[in-house]
Amino acid sequence: MNARTFWQSFKRRVLGACLLGLSAWTAAAENECPPEPKPLSPEMLSAAQRQARDRGFLWRVSKDGHSSYLYGTLHVGREAWLAAGPALEQALKSTNTLALELDPLDPDVAVQMGQALAKTPKRKLEEGARARLGRQLQVQCMPVESADQVPAELLLAGLSLNLARRDGLDGQFGSEMFLAMMARARGMKVVSLETVELQLRALLAADDAEARQILIDGLNELESGHARESLLDLVSMWETGDVRRLNTYEQWCECVVTPMEKLQMQRLLDERNPAMARQIDAMHRSGSRVLAAVGSLHMSGPRGLPAVLARMGYEIERLP
């Protein structure tokens with residue numbers, strides 16, 4: 001499996017930047033492969049619509065006489081979540097542009113990602129860590145040979161997603177996918193706030209030493225069971241819209257402990273939020289009514305998008 005093929009498979013489970021805010025979690029001591037999700041169907045969408053309710057985090061942001069919206073997403077989900085609750089539905093009706101980190105339905109994104117990954121340098125990894133990675137790939141029914149062909153950072157994310165499927169969560173049911181489908185069905189403009197190059201710069205190690213440490217940290221999380229617990233806590237926080245826990249995420253998740261984890265959090269969130277805020281602001285000032293839907297951890301605390309836009313002069317209103 002080469003990098004391009006891996007990305008095409010990986011993209012079906014991850015929505016562009018579904019890695020953001022999710023650390024790796026433990027591999028279960030099971031020999032069975034994670035269950036395959038049911039294919040999307042009209043019946044599935046209709047069933048979700050009948051029980052639709054609000055989940056996640058929603059804000060109205062107002063400036064210059066009109067409003068846009070911020071929505072904190074979850075990059076994995078359950079089939080019952082494939083519908084907008086009343087507040088999110090109203091935000092969709094009130095806007096004309098959906099802005100995502102990367103549009104999961106844009107075919108150019110998949111092509112660009114495959115091309116970029118094919119050019120990614122191969123990192124020198126320690127044999128012990130490579131053997132541990134191989135065992136995790138085997139447990140989660142991923143090709144062991146992919147350890148020689150795909151960056152370890154992405155393999156850790158793929159392992160995490162496969163493990164999430166054991167808890168009934170899947171990338172095709174994540175927020176971005178159903179929002180991208182709904183927006184297109186309504187004739188809304190769909191844009192990406194970032195580029196493939198920018199995302200990979202945030203996701204991938206800068207050198208061999210970083211790659212080795214990211215792999216070791218990720219494997220420790222996978223093997224200890226802690227990361228699965230963190231993910232399920234994150235899912236619960238998102239499902240209930242618990243903004244207090246969102247704003248204190250780094251204090252309780254125990255996933256920003258090592259120097260490398262702190263550097264990764266800075267790259268994945270803090271360094272990207274100002275640029276995304278400027279993109280949202282530019283569209284809003286041009287007259288667009290924007291629903292910006294990005295990973296929920298981008299909304300967290302004083303460096304989150306609501307706080308950044310507030311400092312840019314926006315009135316921020318948290319919606320139920």
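Structure data summary
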{"item": "Residue 168 in a loop (DSSP other than H, G, I, E, B), at pLDDT 95 or above and not hydrophobic (A, V, I, L, M, F, W, C)", "result": "no"}
{"item": "Top-ranked residue of the range 101-121 - restricted to ones that are in contact (Cβ under 8 Å) with a residue 12 or more places away in the chain and of a type outside the set (A, V, I, L, M), ranked as nearest to residue 209 (Cα to Cα)", "result": "120"}
{"item": "Those residues of the range 221-279 which are of a type in the set (Phe, Trp, Tyr) and loosely packed, with under 14 Cβ neighbours inside 10 Å, in sequence order", "result": "252"}
{"item": "Test: residue 209 is more than 15 Å from the chain's Cα centre (by Cα) and buried (at least 20 other Cβ atoms within 10 Å of the Cβ)", "result": "no"}
{"item": "Top-ranked residue in the range 295-318 [being in contact with a Leu (Cβ under 7 Å, 6 or more places away or on another chain) and surrounded by 17 or more Cβ atoms within 10 Å (Cβ to Cβ); ranked as nearest to residue 196 (Cα to Cα)]", "result": "295"}
{"item": "Residue check for residue 117: part of a helix (DSSP H, G or I), in contact with a Phe, Trp or Tyr (Cβ under 6 Å, 6 or more places away or on another chain) and more than 26 Å from residue 291 (Cβ to Cβ)", "result": "yes"}
{"item": "Qualifying residue in the range 260-273 (condition: at pLDDT 95 or above, under 18 Å from residue 243 (Cβ atoms) and either touching a Lys or Arg at 6+ places or on another chain (Cβ under 8 Å) or basic (Lys, Arg) (or both))", "result": "yes"}
{"item": "Residues of the range 193-206 that turn out to be of a type in the set (S, T, N, Q) and either assigned to a loop (DSSP other than H, G, I, E, B) or surrounded by fewer than 21 Cβ atoms within 10 Å (Cβ to Cβ) (or both), as a count", "result": "1"}
{"item": "The range 148-167, residues that are over 17 Å from the mean Cα position of the chain (by Cα) and polar (S, T, N, Q)", "result": "149"}
{"item": "Qualifying residues in the range 85-140 (those that are hydrophobic (A, V, I, L, M, F, W, C) and loosely packed, with under 14 Cβ neighbours inside 10 Å) - the one modelled with the lowest pLDDT", "result": "118"}
{"item": "Residue selected from the range 36-63 under the condition of a type in the set (D, E, K, R) and touching a Gly at 6+ places or on another chain (Cβ under 9 Å), by the criterion nearest to residue 142 (Cα to Cα)", "result": "55"}
{"item": "Boolean, residue 120 is β-branched (Val, Ile, Thr) and under 15 Å from the mean Cα position of the chain (by Cα)", "result": "no"}
{"item": "Whichever residue in the range 285-294 is in contact with a Ser or Thr (Cβ under 8 Å, 6 or more places away or on another chain) and part of a loop (DSSP other than H, G, I, E, B) and, among such residues, is surrounded by the most Cβ atoms within 10 Å (Cβ to Cβ)", "result": "288"}
{"item": "For residue 190: the one exception among (1) within 30 Å of residue 290 (Cβ to Cβ); (2) part of a helix (DSSP H, G or I); (3) aliphatic (A, V, I, L, M)", "result": "(2)"}
{"item": "Pair list, Cβ < 8 Å and 6+ apart or interchain, from the range 268-279 residues that are closer than 18 Å to residue 313 by Cβ to residues that are of a type in the set (D, E, K, R) and not in a helix (DSSP H, G or I)", "result": "275/194; 276/101; 276/194"}
{"item": "Residue match in the range 72-86 (condition: under 22 Å from residue 298 (Cα atoms), among the aliphatic types (A, V, I, L, M) and outside any loop (DSSP other than H, G, I, E, B))", "result": "no"}
{"item": "Count of the range 122-153 residues which are assigned to a loop (DSSP other than H, G, I, E, B), of a type in the set (A, V, I, L, M) and closer than 13 Å to residue 211 by Cα", "result": "2"}
{"item": "Residue check for residue 61: more than 16 Å from residue 283 (Cα to Cα) and not in a loop (DSSP other than H, G, I, E, B)", "result": "no"}
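The values are calculated or read from the model by the stated rules, or taken from the named source; none is laboratory data. Note that the structure is a prediction, hence the values are computed from the model and not measured. So basically every Cβ, Gly included, is an ideal-geometry build from the backbone, and we count neighbours across all protein chains shown.
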